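Here is the structure we will look at.
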Amino acid sequence: MNLLLLDPSELSPDNSTTLCGRRAEHICHTLNAQVGNSLSAGIINGEYGNAEITHINTEKTEVSLHFRPNKKKPLQQSPTSLPITLIIALPRPKVAKRLIAVCAECGVKELHFINSFRVEKSFWQSPQLNAENIHQQLLLGLEQSKDTALPVVSLHSKFKPFVEDKLAAIRSNKDCFVAHPYNADLTL
């Protein structure tokens, strides 16, 4: 975790919060942080700066933090990313899970999973594709890349409606590239 991501709803009016679970375990056990230490922290779809550790409860693995601007630098916005949109046939659910995190880490801001001839219908019912699991994978990727801008992931289980109704709007005024495993002259 290179950036501690905080949901705006987790912060009290004075910008403090208490964390438990995966993030608190990482702070306590991986970073071996102490009270008074500062961590890089950001608000999802918002600014980033530092969070100072104000209290650690090792018995419950809870960490209390105060999110504030750095004394040397004010709060900053995430760097502007390239407008990269990825459209990909839905892979196996475990691969899709990893792919979501990697795309967020690499700066892809829009990801569309589509159906194709070889996509098994059962893949679309996988719990890996529920909104909460997708959100968690996006957060893991953003934490690694020190980004706060949450990408958008869309699922399109019908190929023809996607191509007829959505593709033109997605690719308008953009350079488009096709990554295809065969040597073919494809022109969009």
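The values are calculated or read from the model by the stated rules, or taken from the named source; none is laboratory data. Just so we're clear, the structure is a prediction, and the values are computed from it rather than from any experiment. Please note: Cβ atoms are built from the backbone with ideal geometry, for glycine as well, and neighbour counts cover all protein chains shown. For accessibility, only protein heavy atoms count, side chains too; no ligands or nucleic acids. Shrake-Rupley method; radii C 1.70, N 1.55, O 1.52, S 1.80 Å.
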Worksheet, complete the sentence: Amide H proximity to residue 4 below 5 Å, modelled H, separation 5+ or other chain, gives 40, 41, 42
Discussion item. From the helices alone, meaning DSSP H stretches of at least four residues, give me the mean residue ellipticity at 222 nm for the chain, per-run term -39500 (n - 2.57), in deg cm²/dmol to the nearest 500.
Written reply: -6000 deg cm²/dmol
Practice prompt. Specify which residue in the list 157, 66, 16 is farthest towards the positive end of the charge dipole of the chain, using unit charges on the beta carbon of Lys, Arg (+1) and Asp, Glu (-1), about the Cα centre.
Written response: 157
Discussion item. Rounded to the nearest 10 Å², what accessible area does residue 146 have for a 1.4 Å probe in the complete protein model?
Written reply: 100
Response to the item:
Along the dipole axis of the chain (charges at Cβ: +1 for Lys and Arg, -1 for Asp and Glu; origin at the Cα centre), the most positive-end residue among 140, 6, 77 is 140
Discussion item. Regarding the chain, what's the average projected area of the Cα-atom convex hull, expressed in nm²?
Written reply: 13.6
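With the other protein chains left in place, how much accessible area per residue, in square angstrom, belongs to the range 34-97 at a 1.4 angstrom probe?
Working: 4010 Å² over 64 residues.
Heavy-atom SASA per residue in the range 34-97 reads 63 Å².
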Fill in: HN-Hα J in Hz across the range 25-35 - Karplus 6.51, -1.76, 1.60, θ = phi - 60°, x for Gly and Pro
4, 4, 5, 6, 9, 8, 7, 6, 6, 10, 4
Worksheet item: Using a 1.4 angstrom probe and counting only protein chains, how large is the accessible area of residue 20 in Å², to 10?
Response: 90
Worksheet item: Nearest 20 debye, what's the magnitude of the dipole of the chain about its Cα centre given +1 on Lys and Arg Cβ and -1 on Asp and Glu Cβ?
Response: 420
Worksheet item: Within the chain, what is the number of lysine pairs with alpha carbons under 18 Å apart, leaving out pairs fewer than eight places apart on the same chain?
Response: 11
Worksheet, complete the sentence: For the chain, longest principal axis from Cα atoms; helix 93-106 axis from its Cα atoms; angle between them, nearest 10 degrees, is 70
Response to the item:
In debye to the nearest 20, the charge dipole size for the range 70-137, taken about the Cα centre with +1 at each Lys and Arg Cβ and -1 at each Asp and Glu Cβ, equals 280
